[in-house]
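Coordinate-derived values only; no laboratory data. These figures come from a predicted structure and were not determined experimentally. Here the Cβ positions follow ideal geometry from the backbone for every residue, glycine too, while neighbour counts run over all protein chains shown.
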Amino acid sequence: MRFSKFFLAVATCTGLAACGDSTGEQALLGGGAGALGAAVLSADPFVGAAVGAAGNVLFCKTQRNCY
């Protein structure tokens, strides 16, 4: 149960993260949101940051309304 809550929170934070102008900014914003979500859930913030960064970069690169 804790595992699924973690990924739900990371997905939510990733969805709320804004797209940056470059891939580095996108990774930084997503990583920050993922780490914050993981910290709130008392999960590993490094894993949250990695998942958030990857998720935000993937989201921003595949959506037409992001740069």
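Worth pointing out:
- Model label sites at Leu58 and Ser42, defined 7 Å from Cα along the beta-carbon direction, differ in position by 2.8 nm.
- Judged by the mean number of other Cβ atoms found within 10 Å, the most tightly packed of the peptides 30-38, 44-52 leads the ranking 30-38, 44-52.
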